[in-house]
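Everything below concerns the one structure shown next.
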Amino acid sequence: MKKKGCLIAGIAVGIILIGIISIVLWYIKTGNKIVRLDEGVSESWAQVENVYQRRADLIPNLVATVKGYAEHESSTLTDVVEARAKATSVNVNPEKLDAASLQQFEEAQGQLSSALSRLMVVVERYPDLKASQNFSELQAQLEGTENRISVERRKFNEVAREYNTYIRQFPASIVANSRGFEKKAYFEAQAGSEKAPEVQF
């Protein structure tokens, strides 16, 4: 009888240990997946910043080219330079991609986009500038960069959605909450963007 009681107790302890080990392994595996998804969001954010930086890097050459043809448009050129400076000064920590920091980033980039649009309107007044090979190349690079920005923003939203979905689903939400992982913000369309803009070069 004693042997049977010891055997049952041993089996019960074994089952409890297997249960505890299973829970610990699940916790570790889930935590590692959350870290991998979080790193994916950070990597995607770095790509977004890369393409915005590429645009910012093109602007001094664009301004210099326009300046050679349109000296008396200094206020527009100054606006572009100032908007570029502001846009490049807004840094967002990928660990804290909340709605407020992303909105601040988008506002700075939006002001730069607006200044660039005004610059392109100015260009319309200078046919020699529009015909310039240097300006045409810069314009093509800028258009390509704007397309890249759109692509990288879309990719970022996809990666952030996958991460956000995973950390909010039960039981992964238990691990996410216990380890301090928070939801990431998304890029959203600007107000009025449902209307196609009129772009003239």
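Determine the gain in length on full extension of the stretch ILE15-VAL90; use 0.36 nm per residue of separation and subtract their C-alpha separation, reporting nm with one decimal.
Working it through step by step, the gained length comes to 21.5 nm.
Taking the Cβ of GLN111 as the centre, find all other residues whose Cβ is under 14 Å away and add up their charges (Lys, Arg: +1; Asp, Glu: -1). Present the calculation step by step, with values, prior to reporting the outcome.
Details: positive: ARG55, ARG84, LYS86, ARG118; negative: ASP79, GLU82, GLU106, GLU107.
Every neighbour counted, the sum reads 0.
Just check segment 1-96 against the gyration tensor rule for me: Cα atoms, a ≥ b ≥ c as the square roots of the eigenvalues, rounded for a/c under 1.5, and otherwise prolate or oblate depending on whether a/b exceeds b/c.
Here segment 1-96 falls in the prolate category.
May I ask you to list, by number, the DSSP H helices of the chain whose Cα span along the axis is at least 20 Å and whose average Kyte-Doolittle hydropathy reaches 0.0 or more? Before the final figure, lay out each step's value.
Working: long enough: 2-69 (101 Å, 0.46); 74-89 (22 Å, -0.14); 99-123 (35 Å, 0.42); 133-168 (52 Å, -1.21).
Sorted by number, the helices that extend far enough and score high enough are 2-69, 99-123.
For the residues LEU112, LEU77, what sequence is obtained by ranking on other C-beta atoms within 10 Å, fewest first?
LEU77, LEU112
Exactly which trypsin sites (Lys or Arg not before Pro) in segment 99-166 are in a DSSP loop and have at most 15 other Cβ atoms within 10 Å?
ARG125
So, in Å, what gap is there between the alpha-carbon centers of segment 68-115 and segment 8-33?
Rounded to whole Å, the Cα centres lie 53 Å apart.
None of the figures in this text is laboratory data; all of them are computed from the coordinates on show. Here the structure is a predicted model, which is why all the values come from computation and not from measurement. A quick note on method: Cβ atoms are made from the backbone with ideal geometry, for glycine too, and the neighbour counts reach across all protein chains shown.
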